[in-house]
Amino acid sequence: MGAPKPSTDYPIAGSDHFYMEVLRIVRERALSLGADEDLADEVAQEIAIDQWNRRRRGRPCWDPAKPLESYLKAATFKRLDYHWRTRRRQKERHVKYEEARARAASLVGDDHGVVVTRSLLDTVCVALAAMTEERRDTFLAVREEGLTYAEAAARRGISKETVKILVRRATRDLRQALLDHEEEDQ
């Protein structure tokens, strides 16, 4: 394996050829790291734009004493890692939201004489998803599963008084969310 090209072999920073070379190197690296075509293109564009903006502000694009390719490979890895973490967090939030939505539907259903609109259901879902896990799970154990405070306390390994406080706070949060929803509809 040959030594990396010295940075002087690359096109002059700021030229069209330079940015095309940046796009090529980053895209190839992203694909080799397992990115799909769209993500590889997106990352390549983001890094090329970053290089353009740095040059425009008079900040060096990279240390000219080091190979451009090494800099771009590291930048590509960091940018891909950011995209993958962001996607994972969005997926986790979506799953959490869907679970809350299913539970909210069981809590606020037609059998209680309440007409449930999609926006009302979404309001309850968002309020449940915004609660801490301990508060939400304790509230659902008491209100949805019908456990007594003592049973919920034993299941969670907390005191009966803590269960009462958590259920009271969760009820307050839901009540506030529903009041806010009602104000938005008027």
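Which one is nearest to the chain's Cα centre (by Cα), of the residues in the stretch 30-42 that are open to solvent by less than 70 Å² (accessible area, probe 1.4 Å) and in contact (Cβ under 8 Å) with a residue 12 or more places away in the chain? Checking each candidate, the answer is Leu39.
Sort out which residues of the stretch 116-164 are more than 28 Å from the chain's Cα centre (by Cα) and among the aromatic types (Phe, Trp, Tyr), and write them in order of number. Matches in the stretch 116-164: Tyr149 only. When the stretch 43-59 is filtered for residues that are in a helix (DSSP H, G or I), farther than 15 Å from Arg24 by Cβ and open to solvent by 70 Å² or more (accessible area, probe 1.4 Å), the ones remaining, listed by number, are Ile49, Trp52, Arg55, Arg56.
In this entry, Arg103 passes the filter for residues that are in contact with an Asp or Glu (Cβ under 7 Å, 6 or more places away or on another chain), surrounded by 18 or more Cβ atoms within 10 Å (Cβ to Cβ) and at pLDDT below 80. Taking the criterion of being surrounded by 12 or more Cβ atoms within 10 Å (Cβ to Cβ), within 16 Å of Ile47 (Cα to Cα) and charged (D, E, K, R), the residues of the stretch 60-77 that qualify are Glu69, Lys73. Of everything in the stretch 140-167 that is surrounded by fewer than 12 Cβ atoms within 10 Å (Cβ to Cβ) and either among the hydroxyl-bearing types (Ser, Thr, Tyr) or in a helix (DSSP H, G or I) (or both), the residue that is modelled with the highest pLDDT is Glu161.
The values are calculated or read from the model by the stated rules, or taken from the named source; none is laboratory data. The structure presented is a predicted model; accordingly, all values stated were derived computationally and were not measured. Counting neighbours? That spans all protein chains shown, and the Cβs are built from the backbone with ideal geometry, glycine included. The accessibility values were calculated without ligands, DNA or RNA, using every heavy atom of the protein model including side chains. Shrake-Rupley method; radii C 1.70, N 1.55, O 1.52, S 1.80 Å.
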